[in-house]
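A short worksheet on the structure shown next.
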Amino acid sequence: MILQQLTKEIERRRTFAIISHPDAGKTTLTEKLLLYGGAIQIAGAVKSNKIKKTATSDWMEIERQRGISVATSVMGFEYKDLNINILDTPGHQDFAEDTFRTLTAVDSVIVVIDVAKGVEPQTEKLVKVCRMRKTPIIVFINKLDRPGKDGFELLDEVEQKLDLKVTPLSWPINMGPGFKGVYNIFEKNLYLFEANKQRVEEGLSFDDVHDPELEKLIGDDAGLLREELTLIDGVYPDFEREAYLNGSICPVFFGSALNNFGVKELLDCFIQIAPTPIGRNSEERHVAPEEEAFSGFVFKIHANMDPNHRDRIAFLRIVSGKFERNKPYHHVRLDRKLKFSNPTAFMAQKKSVVDEAYPGDIVGLYDAGNFKIGDTLTEGELLHYKGIPSFSPELFRYVENADPLKSKQLAKGIDQLMDEGVAQLFTGKATGRKIIGTVGALQFEVIQYRLLHEYGASCRYEPITLHKTAWITSDNKAMLDDFKARKASFLAYDKEGRDVFLADSPYSLQTAMEKYPDIKFYFTSEF
Ligand code: G4P
């Protein structure tokens with residue numbers, strides 16, 4: 001009975017993220033999807049949480065955006081009796097690590113591509129992470145109401161730049177001012193374009209595109225559409241759900257999010273083909289969602305906006321079993337029981353306390369500093385979920401205390417911000433100086449601002465000549481000791497106390513690797 005209920009709940013859930021290069025239309029598409037779920041009533045209700053390029057030096061703006069991004073971190077809605085969770089991902093590349101971590105908590109993704117711009121760099125990076133994890137991908141080519149690249153050229157670009165095999169499930173009839181609509185290959189329907197659709201009708205059934213009716217509807221474009229569909233049939237593989245689910249083929253849709261065109265078809269296909277919540281690998285074993293015992297992992301931590309409360313929200317993805325309010329769970333890293341009296345679910349922009357949650361759901365746990373990204377909660381079993389590791393940062397600075405009376409606050413602030421995954425901290429072995437490493441320049445200023453506003457601590461940065469950090473291990477103790485003795489001034493340890501080599505140039509890294517062949521140099525923290 002319990003298992004039956006659990007299976008039923010799992011089958012009702014779809015948890016995914018929309019990813020794109022900034023400005024491709026992620027926010028617009030999210031909003032339109034929420035409209036279908038009735039989660040919001042009016043367009044414009046979902047504020048973009050992207051940090052606009054023009055606002056990168058406006059810290060109040062970042063704080064405001066951070067507030068919005070708590071509300072839109074997870075947007076749940078119901079559609080055709082399914083519980084759909086959209087996880088938001090920051091578009092700004094300086095927050096790419098945040099997005100990588102969010103991708104560990106979803107079961108599939110929709111990639112939005114701008115028809116005129118094609119595949120852009122941020123899309124390439126994010127899709128690479130999805131490919132590593134074999135996450136099923138659907139591509140939505142957006143802004144067909146504007147002139148753009150030819151459909152076949154775009155499919156080629158997706159195949160080449162994203163290294164994905166594609167199969168179009170819809171096909172545009174013209175684009176830009178002459179855009180007439182799309183033929184839905186998946187459902188064999190024709191949808192005629194109308195700007196700003198408020199009401200969405202079913203498509204016109206068109207099993208046989210050779211039907212002369214087609215001329216009546218789209219005029220001379222009928223011939224070209226037939227030719228292109230024949231070409232598609234010959235060139236691209238038939239859609240097979242299995243291949244999509246194991247990440248080896250990705251269906252492509254065309255539409256215009258702004259005009260609410262092609263969005264319903266995308267959603268209707270998505271709910272048919274997208275995976276239900278899937279299990280996750282832990283260091284110990286694979287855990288299936290249908291397992292009765294609850295387990296989950298923290299993939300994101302968000303500081304509360306209210307500076308009077310040092311609360312944070314830890315976002316937990318439920319992997320298996322049923323999560324219940326007020327039930328004690330085992331915090332594996334701390335080896336402690338914790339219970340949660342106010343776990344939060346996110347339905348669109350409303351937050352509400354939940355009594356129970358199921359695999360695929362994300363719950364927000366109020367946290368006074370117990371959680372780090374990657375922490376696992378279970379009913380007692382010792383499981384450690386594998387996530388996306390931290391990557392060796394790209395930018396480094398020494399961080400110094402600028403207010404000697406506030407050194408405790410500074411230490412605590414830095415500690416907690418690192419737990420949130422804002423940046424990585426290294427401590428020089430010889431000097432004891434603290435080094436902050438980030439993936440984007442923006443984080444340095446975010447850290448400085450937040451230390452001051454949330455912890456009352458002041459810091460200043462000093463430059464450091466550092467090319468890369470590498471975690472080091474070796475089975476050859478003599479060689480490791482020799483390396484450590486000779487490179488003493490280039491050694492540090494990370495927050496977990498692991499040895500890190502500070503390479504000041506590509507040359508010194510290369511020579512160290514050549515001279516010490518028994519030492520392993522790692523550029524991600526998971527080894
Ligand atoms: P993002 O979250 O991926 O960064 O993109 P967002 O949805 O904010 O969209 C970026 C811009 O592209 C917005 O215009 C949005 O209105 C526009 N857009 C989205 N979908 C379409 C579409 O199908 N057709 C056309 N023509 N435009 C589209 P903006 O001027 O930057 O912002 P706003 O002032 O309209 O909010």
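General observations
- Positive-end ranking of H330, F186, C250 along the dipole of the chain, with charges on Cβ about the Cα centre, is headed by H330.
- Normalised by the number of residues in region 280-378, the average gap of Cα pairs under 8 Å and 6 or more apart makes the relative contact order 34 percent.
- Helix axis angle, 477-486 relative to the chain longest principal axis, alpha carbon, degrees: 80
- Applying the Karplus relation 6.51 cos²θ - 1.76 cosθ + 1.60 with θ = phi - 60° to region 164-173 yields 3J(HN,Hα) values of 10, 8, 10, 9, x, 9, 9, 9, x, 9 Hz, where x marks Gly and Pro.
- Pairs spanning more than 32 Å between alpha-carbon atoms, out of K264/K386; K149/K216; K134/K495: K264/K386.
- Cα→Cβ-extended label distance, 7 Å offset, between E159 and N342, nm: 5.4
- Only DSSP H runs of four or more residues enter the estimate; each adds -39500 (n - 2.57), and after division by the residues of the chain the mean residue ellipticity at 222 nm equals -8500 deg cm²/dmol.
- Cleavage-rule hits (trypsin sites (Lys or Arg not before Pro)) in region 96-174: DSSP loop, at most 11 neighbouring Cβ within 10 angstrom: K134
- Contact order relative to length of region 393-457, as percent, for alpha carbon pairs under 8 angstrom and 6 or more apart: 46
- Dipole in debye (nearest 20) - region 395-522, about Cα centre, beta carbon charges: Lys, Arg +1; Asp, Glu -1: 240
- Residue-span extension gain [D311 to A402] - 0.36 nm each, minus C-alpha spacing: 30.2 nm
- When a 1.4 Å probe is rolled over the protein heavy atoms, the share of accessible surface on the chain that falls to carbon and sulfur comes to 51 percent.
- Surface analysis of region 280-378 yields an accessible area of 41 Å² per residue, using protein heavy atoms and a 1.4 Å probe.
- The chain: relative contact order as a whole-number percent, Cα under 8 Å and 6+ apart: 13
- Cα-centred dipole magnitude for region 447-495, charges only on beta-carbon of K, R (+1) and D, E (-1), debye, nearest 20: 80
- Evaluating 6.51 cos²θ - 1.76 cosθ + 1.60 at θ = phi - 60° for every residue in region 456-469, the Karplus couplings come out as x, 10, 10, 10, 10, 10, 10, x, 9, 8, 8, 8, 7, 10 Hz, glycine and proline recorded as x.
- Summarising the amide proton neighbourhood of R280: residues at separation of 5 or more, or on other chains, whose placed amide H is nearer than 5 Å comprise V287.
- Helix 2-11 and the longest principal axis of the Cα set of the chain meet at an angle near 70°.
- In the chain, taking the dipole from charged Cβ atoms about the Cα centre, the farthest positive-side position among Q443, S295, G432 is held by G432.
- Within the chain: Cβ-based charge dipole about Cα centre, in debye rounded to nearest 20 (Lys, Arg +1; Asp, Glu -1): 2300
The values are calculated or read from the model by the stated rules, or taken from the named source; none is laboratory data. Computed from a predicted structure; not experimentally measured. Here Cβ is always computed from backbone atoms with ideal geometry, including for glycine, and neighbour counts include all displayed protein chains. Please note that ligands, DNA and RNA were not included when accessible areas were found on the heavy atoms of the full protein model with its side chains. Shrake-Rupley method; radii C 1.70, N 1.55, O 1.52, S 1.80 Å.
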